[in-house]
Each structure stands twice: as structure tokens, then as C-alpha cells.
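One structure is given below, encoded as C-alpha cells.
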Amino acid sequence: MSARPPKEQNPYPGSSTDTPEIGTGRDALRRIVQEQCVVNWSQHHAAAPCERVYLADSRTGNSGYAVLADRKGGAHYLLIPTQTMAGTDGRELLDPDAPNYFAEAWHARDLITRYVGHNVARTAIGLAVNTAHSRSQDQFHIHIECLRQDVFESLRAAAGHMTETWSPVNIAGFTYDGLRIIGDGLDGSNPFELLAGLKPDVRHHMGDYTLVVAGMQFNSGPGFAVLAGTGPTGELLLDSSCAVAGAGG
């Protein structure tokens, strides 16, 4: 299977007909969340145009995250902090008090099941953050989608060789650094901290790296594969048609 073209090439259009200017430029995701979703949640306890809004402190709009359906449709959702944040090059992600955004994105995978119309196995779902140079939106966000079929098969083939230590792994013809996390959820593991420990200087060049977390079923139990690299950006390993889960093309 050839790699799909990057899906983040065009600005994210707005979801509100009375504020059309909100959908233009690299700041669109932040504005949709902060000016529409959070406002609507605070005033009416309704998340629209987002799917969900969570605020740790109801008195402030910058204390949580929102989940927004991707504008291109399909089984594709974005987890977006309600505070203004850059991507993997932002220092906030390594703040020990920062939310575990990957864990929250994993909790939102039920939206994939709802879209597909039947249960989607954990092994079919992937989360991805793109490199700084490949993203078209400046606001940090995590992609929540299904895995491409060839990526799913590569991960299954590599599962027996993955450990808790970073090592090269071939995924759909490309080499990433990979490790495994054992456990049903990500609440006890922060993939950004794991990425920062990949090499001595990575902490200072996080924006050069893409990060992918895929649900796995190891012989020892459920877990995750974490992939990091400076090559093809992580979103290219995902598939919004969710064909791997039998959703069709």
C-alpha cells in the first residue's frame, strides 16, 4: 500500500456560519475551540461544534481539552487543548503538571466505534502527532483514527520483538524507533516523556519528531506501541476510512 498524501495541507474551515473568518489560516483550530466550543460549553453546557469539551476548572476556559471531528469527515477526530499550545516543539508538553493528552485521546476512541457502527478493536486504533514542519495548524492537536492495514500488519509482526526500551522497528517500509507500554490505558505513561528520553538531545528538538501511539495486544496482555521518528509524519500511518476494522473505503 502506498502512503496516502498528507491530510493537513489545507486550512481547517470554520464550523459556524455567522463567523466565517474563523475558518481561515493556521490559527483555525485554536479559534474554533476557544471561541466556539468552550464558549458554547460554558454558556449552554453544549460542546458544538466540537464533539466534547472537558474543563478541569469551570471558571477558566484554558484548563482542559476539546475533541473535534476532522473537517474531511470519516472516522477522524482531533484532541485539542483549550489553552493555546504549539505542537511537539512546545515546552508545555513536558510540564509535569500538564494533562496527559495522549491518555485523553485514547479515552475518546469510542467516537471511532460510534462512527463505524460496531466495536473497533484496540489494535485497529492509532493516535498521532505530526512533526512541526509538516503541520498546517499551529495549535497542538492529536489525531485519533484507525491504523492503515499495512501498518496494522507491520505492528502485529513486530509485537514479539518490542520491549520497554527504544529500538528500530520497520513499519510499512519505514524505520521508526519503537517501544512498548504494557497496560490497558495510558494514564500511567506519558509518550512525550518517553520521546524526550529517546536520545540525549531529543528534549531540545521535540518538534523534529513525529509520535504515534497504537493500541496493541501483546502475549503478556493489552498495551501500546509507541513510534517516534523524523521521517514520514505519523498521520500518514492512519486511515480515516477505518478499513482495517471493516468499515469499508
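For the range 90-108, a residue qualifies if it is modelled with pLDDT under 95, open to solvent by less than 60 Å² (accessible area, probe 1.4 Å) and not in a helix (DSSP H, G or I), and the qualifying residues are Gly90, Ala98, Pro99, Asn100. Could you please let me know if Leu111 is assigned to a helix (DSSP H, G or I) and over 20 Å from Cys37 (Cβ atoms)? Here the answer is no, as Leu111 does not meet what is asked. Total residues in the range 167-190 satisfying the condition of being open to solvent by 30 Å² or more (accessible area, probe 1.4 Å) and closer than 20 Å to Asn130 by Cβ: the figure is 5.
Per this entry, Gly246 is counted among residues that are surrounded by fewer than 23 Cβ atoms within 10 Å (Cβ to Cβ) and more than 20 Å from Leu79 (Cα to Cα).
Suppose we filter Gly126, Gly117 for residues that are under 12 Å from Ile142 (Cα atoms) and among the small types (Gly, Ala, Ser); which single one remains? Going through Gly126, Gly117 in turn, just one is under 12 Å from Ile142 (Cα atoms) and among the small types (Gly, Ala, Ser): Gly126.
Of all the residues in the range 114-162, those that are within 16 Å of Val213 (Cβ to Cβ), among the β-branched types (Val, Ile, Thr) and part of a helix (DSSP H, G or I) number 2.
Would the range 178-201 turn up any residue that is of a type in the set (A, V, I, L, M), out of contact with any strand residue (DSSP E or B) (no Cβ under 8 Å at 6 or more places or on another chain) and farther than 21 Å from Val244 by Cβ?
Yes.
Of all the listed residues (Gly178, Gly221, Gly207, Gly173), the sole one being free of Cβ contacts under 8 Å to residues at least 60 places away in the same chain and at negative phi is Gly178.
Looking across the range 36-58 at every residue that is at pLDDT 95 or above and of a type in the set (D, E, K, R), the one that is farthest from Ala69 (Cα to Cα) is identified as Arg52.
From Gly74, Gly64, Gly126, Gly87, grab the single residue that is open to solvent by less than 30 Å² (accessible area, probe 1.4 Å) and in contact with a Gly (Cβ under 7 Å, 6 or more places away or on another chain).
Gly87
Only one entry of Ala158, Ala132, Ala128, Ala105 meets the criterion of being more than 17 Å from Tyr54 (Cβ to Cβ), within 13 Å of the chain's Cα centre (by Cα) and of a type in the set (A, V, I, L, M, F, W, C), and that entry is Ala128. Identify, please: which residue in the range 200-243 is aromatic (Phe, Trp, Tyr) and touching a helix residue (DSSP H, G or I) at 6+ places or on another chain (Cβ under 7 Å) and is, among those, surrounded by the fewest Cβ atoms within 10 Å (Cβ to Cβ)? Checked the range 200-243; the qualifying residue surrounded by the fewest Cβ atoms within 10 Å (Cβ to Cβ) is Phe218. Just one of the listed residues (Leu194, Leu186, Leu179) is within 30 Å of Val39 (Cβ to Cβ) and not hydroxyl-bearing (Ser, Thr, Tyr), namely Leu186.
The values are calculated or read from the model by the stated rules, or taken from the named source; none is laboratory data. Being a predicted model, the structure only gives us computed values, none of them experimental. Using ideal geometry, Cβ is built from the backbone for each residue, glycine included, and neighbour counts are taken over all protein chains shown. Ligands, DNA and RNA are excluded from the accessible area calculation, which covers all protein heavy atoms including side chains. Shrake-Rupley method; radii C 1.70, N 1.55, O 1.52, S 1.80 Å.
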